[in-house]
1. Take each complete run of DSSP H in the chain, measure how far its Cα atoms stretch along the helix's own axis, and keep only those covering 20 Å or more with mean Kyte-Doolittle hydropathy at least -0.5; list them.
2. How high is the relative contact order of the chain, in percent, with contacts defined as C-alpha pairs under 8 Å that are six or more residues apart?
3. Could you please state how large a percent of the accessible area of the chain is carbon and sulfur, counting protein chains only and using a 1.4 Å probe?
4. What fraction, in whole percent, of alpha-carbon pairs in the stretch 23-363 exceed 29 Å separation?
5. Based on the Cβ-Cβ distance of Lys220 and Ile437, what FRET efficiency does E = 1/(1 + (r/R0)^6) give at R0 = 51 Å, to the nearest 0.05?
6. Over the stretch 285-380, what is the relative contact order in whole percent, taking alpha-carbon pairs under 8 Å and six or more residues apart?
7. Antiparallel DSSP bridges in the stretch 66-209: what percent, to the nearest 5?
8. Leaving out ligands and nucleic acids, note down the accessible area per residue over the stretch 23-363 with a 1.4 angstrom probe, in whole Å².
Amino acid sequence: MKKLIITLTAILLLLQGAFAQKVLTKDERMLWWREARFGMFIHWGVYSVPAGTWDGRQIGGIGEWIMNRAKIPVADYQAMAKQFNPVKYDPDAWVKMAKDAGMKYIVITSKHHDGFALFETKASKWNVVDGTAYGKDLLKPLAAACKKYGIRLGFYYSQAQDWNNPGGAASRKVTKEGWANPDSVIIDAYTKEHRGHWDPAQEKKTFAQYIDDVAVPEVKELLTNYGDVAVLWWDTPTDMTDEAATKLQTLLALQPAIITNDRLKRPNFAGDHKTPEQRIPNLADLDGTDWETCMTMNGTWGYKSYDHNYKTPETLIHNLLDIASKGGNFLLNVGPTDQGEFPPESVDILVRIGQWMKVNGEAVYGTKASPWGLFDWGRCTKKESKNGTTLYFSVFNWPADGKLSIPGLKNGVSSATVLATGARLRTTGSGLGLTIILPSKAPDPIASVIKVEVRGQIENK
Ligand code: H79
């Protein structure tokens, strides 16, 4: 009897093991992501110390590029890590702000192009534990807070560009304005002959050595030491080879449910989703591939003390609805300070978006693209069930005549309501489409959602 129980237990354990090993399909892995629709990008690192100013000059462009744009020597840049001491870092508060804004996932720069690791690593001394007064892993407590609040956590990792770990790549792009450094001509000639590098310290190893010594072991640590990793967000495949990309891609097996983007290397490594940056694609550009627009709230990803050029909550909510109506995700950035705080403008924006999402989030989460594309008065999303279709019409511009017309909607209507209040609305149908009779005043100054339940599927698409 005892033997039988032991044998049965062993078989059960084996079966369980077999199930855990089951390879997930892409649809299975993408399920939560396609429902989430809204996430937070966080760009944080040593660049938040200079915060856009080097040597008394305000350096143009995006803040996390300051080392490259100002051609800061490796030793000088690394010295700034000593001042990176985010004593006000409160990961619990960060995650709560994301959650209250209606975001379902967070992607944080575990390492940006400056190569600085926000986590404990054995592969390089250039990390928060070994290089700063703060001396603690920043991702561990963030992972714990995400778990607590039910927010998925993903890691951005700059796999190719790395301006501090020797051998890492450096973009060779020259901006229209030229290099920010006054000695631009000399430096430009130097960088051209040195794979974009501007300091001999960057060239003590080959790119292949950098991949083996830093990128591969660090990604392995990220995928091993922080629990479930929802997303691996690669960026800028400068100098990447198929060999290097394969090594990194193989590591993803450590997280069977992980989702990855299209920036590991081009071509041949498409990943799961496309990543339009700072723009929302036109309907004509979409080909059925999953996609996510990443965007800044102001003009920079990494914190710049003097960039107060923030988009309005209205613009950002309209962006989210535009994106959802086209079937994409919105990854909206926050660039915390070197103290570990979200800029106050970002906090205000998140709160305002959260107020809207609390009332109207149903029009975003788990929805699919509009069957009709765009309307001049706003955007549409839809949900399909066995017997019918729910349509969400987010009205940006309230019609002066109090009539919302949806040409081409010929299905029978079960109900039409104001999502925020539940107030029932009258509709009139014709062979051409549906007209919804609206209240005289818009219920929401930013976007008012009209929820319409119709019978059957939408036929014209
Ligand atoms: O992490 C954020 C950016 O730092 C990164 N991707 C997002 C998510 C990014 N890397 N490269 N780019 C974006 C585009 C490259 C822009 C460049 Fe430039 C033009 C590099 C050099 C010229 C902008 C202007 C950066 C420096 C000057």
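The values are calculated or read from the model by the stated rules, or taken from the named source; none is laboratory data. All figures in this text were calculated on a predicted structure; none of them were measured in a lab. In this analysis, Cβ positions are derived from the backbone assuming ideal geometry, glycine residues included, and neighbour counts consider all displayed protein chains. Accessible surface is based on the protein model in full, side chains and every heavy atom, while ligands, DNA and RNA are left aside. Shrake-Rupley method; radii C 1.70, N 1.55, O 1.52, S 1.80 Å.
1. On the way: long enough: 2-20 (27 Å, 1.65); 344-360 (24 Å, 0.07).
Long hydrophobic helices here: 2-20, 344-360.
2. Details: 911 pairs, mean separation 72.5, N = 461.
This gives 16 percent for the chain.
3. Values: 11330 of 20560 Å².
Ligands and nucleic acids excluded, carbon and sulfur reach 55 percent.
4. Values: 20736 of 57970 pairs.
Beyond 29 Å sits 36 percent of the P(r) for the stretch 23-363.
5. Details: r = 60 Å, r/R0 = 1.18.
The formula returns an efficiency of 0.25 here.
6. Numbers: 99 pairs, mean separation 30.7, N = 96.
It comes to 32 percent, rounded to a whole number.
7. Numbers: 1 of 9 bridges.
Restricted to the stretch 66-209, the bridges split so that about 10 percent are antiparallel.
8. Values: 13400 Å² over 341 residues.
Heavy-atom SASA per residue in the stretch 23-363 reads 39 Å².
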